[in-house]
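So the structure is just underneath, and the comments pick up after that.
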Number of protein chains: 2
Amino acid sequence: MSITSDLLRGHTDTIILKQLLKSDSYGYEINKSIQERTRGRYELKEATLYSAFRRLEETGLISSYWGDETTGARRRYYTITGSGKKMYAKNLDDWNEAKEIIDELIKEEGK
Amino acid sequence: MSITSDLLRGHTDTIILKQLLKSDSYGYEINKSIQERTRGRYELKEATLYSAFRRLEETGLISSYWGDETTGARRRYYTITGSGKKMYAKNLDDWNEAKEIIDELIKEEGK
DNA sequence: CACAAGTACCTTGACAGACATAGTATAACG
DNA sequence: CGTTATACTATGTCTGTCAAGGTACTTGTG
């Protein structure tokens with residue numbers, strides 16, 4: 001991984017919600033997908049991922065169910081809820097604003 | 001403040017270093033400057049600011065000296081060091097990369 | 001067949017950065 | 001003369017990330 005975790009901090013939830021917006025998924029798959037999408041520049045640590053799931057489910061932004069795999073390890077699938085979708089939209093807005101603010105504050109040419 | 005602190009997390013040091021790049025400054029002034037630059041959308045909490053100073057000084061990225069105010073409260077001024085400048089440049093690069101990665105991961109239209 | 005590697009999930013405890021709260025001290029203003 | 005603004009400090013809490021360790025099943029390899 002090339003960037004530090006503090007820069008990604010606070011985005012984990014949004015990243016997960018985004019993945020679930022496309023379709024239900026499970027931990028391992030989500031993480032693989034993230035690695036692919038970023039061409040290996042970023043991966044969620046397992047502990048981070050699963051603690052995010054717990055947090056998101058506790059606050060009602062996602063819900064989960066066990067898959068009915070007849071073979072292989074069991075998978076816990078997650079679904080984004082209505083309030084999860086709202087939260088995603090809000091987080092995206094917040095991100096766009098934060099991006100602007102941070103740029104203003106740290107860009108060299110400054111204003 | 002409109003954006004959450006987790007989104008700003010990890011940028012505090014860079015924001016401070018950026019301010020000191022222009023000229024030596026002190027805590028209160030830096031914070032005021034941030035509020036102005038962001039038109040009130042962001043301010044560092046005092047505890048955050050001063051603990052960042054301590055951290056930056058301990059790691060040699062800034063150094064400090066007491067101002068010789070003949071009036072008003074005493075001010076502790078901070079100067080950015082050589083390694084502070086390098087760190088600033090590195091953090092800026094990291095930010096540009098992180099920005100790209102996060103956008104890829106959370107933007108609606110996806111990839 | 002034994003064993004490594006890959007898939008898939010979970011728990012515990014530690015750490016660091018942001019922050020709330022509270023305190024000290026001086027100057028300016030009405 | 002009390003409030004507001006300036007200016008800094010110290011202590012303790014909270015939360016997200018992560019390291020480390022564990023369980024369990026499947027597939028490939030020699």
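Quick look at the numbers
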read-out: Matching residues, the range A:30-42, being out of contact with any Asp or Glu (no Cβ under 7 Å at 6 or more places or on another chain), within 12 Å of DNA strand C (Cβ to nearest atom) and in contact (Cβ under 8 Å) with a residue 12 or more places away in the chain; value: A:Ile30, A:Ser33
read-out: Output for the range A:38-49, where each listed residue is more than 8 Å from DNA strand D (Cβ to nearest atom) and surrounded by fewer than 18 Cβ atoms within 10 Å (Cβ to Cβ); value: A:Arg39, A:Gly40, A:Arg41, A:Glu43
read-out: Residue among B:Arg74, B:Arg55 that is exposed (fewer than 13 other Cβ atoms within 10 Å of the Cβ), of a type outside the set (Ser, Thr, Tyr) and farther than 17 Å from A:Gly10 by Cα; value: B:Arg74
read-out: Some residue of the range A:91-99 being surrounded by 17 or more Cβ atoms within 10 Å (Cβ to Cβ), more than 13 Å from DNA strand C (Cβ to nearest atom), hydrophobic (A, V, I, L, M, F, W, C) and not in a helix (DSSP H, G or I); value: no
read-out: Output for the range A:46-71, where each listed residue is without any contact (Cβ under 8 Å) to a residue 12 or more places away in the chain, within 11 Å of DNA strand C (Cβ to nearest atom) and among the charged types (D, E, K, R); value: A:Arg54, A:Glu69
read-out: Qualifying residues in the range B:1-52 (those that are at pLDDT 90 or above and assigned to a loop (DSSP other than H, G, I, E, B)) - the one nearest to B:Ala98 (Cα to Cα); value: B:His11
read-out: Single residue of the range B:58-71 satisfying the filter (part of a loop (DSSP other than H, G, I, E, B) and polar (S, T, N, Q)) that is nearest to B:Gly10 (Cα to Cα); value: B:Thr59
read-out: Residue within the range B:58-81 that is hydrophobic (A, V, I, L, M, F, W, C), more than 14 Å from DNA strand D (Cβ to nearest atom), closer than 21 Å to B:Ala98 by Cα and under 12 Å from the mean Cα position of the chain (by Cα) present; value: no
read-out: Selection count where residues are under 21 Å from A:Gly72 (Cβ atoms) and either away from every other protein chain (no Cβ under 12 Å) or of a type outside the set (A, V, I, L, M) (or both), scope the range A:1-55; value: 17
read-out: Residue match in the range B:60-78 (condition: within 30 Å of A:Tyr42 (Cβ to Cβ), among the aliphatic types (A, V, I, L, M) and more than 9 Å from every other protein chain (Cβ to nearest Cβ)); value: yes
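The values are calculated or read from the model by the stated rules, or taken from the named source; none is laboratory data. All values derive from a computational prediction rather than experimental measurement. Quick reminder, even Gly has a Cβ in these numbers, built from the backbone with ideal geometry, and neighbours come from all protein chains shown.
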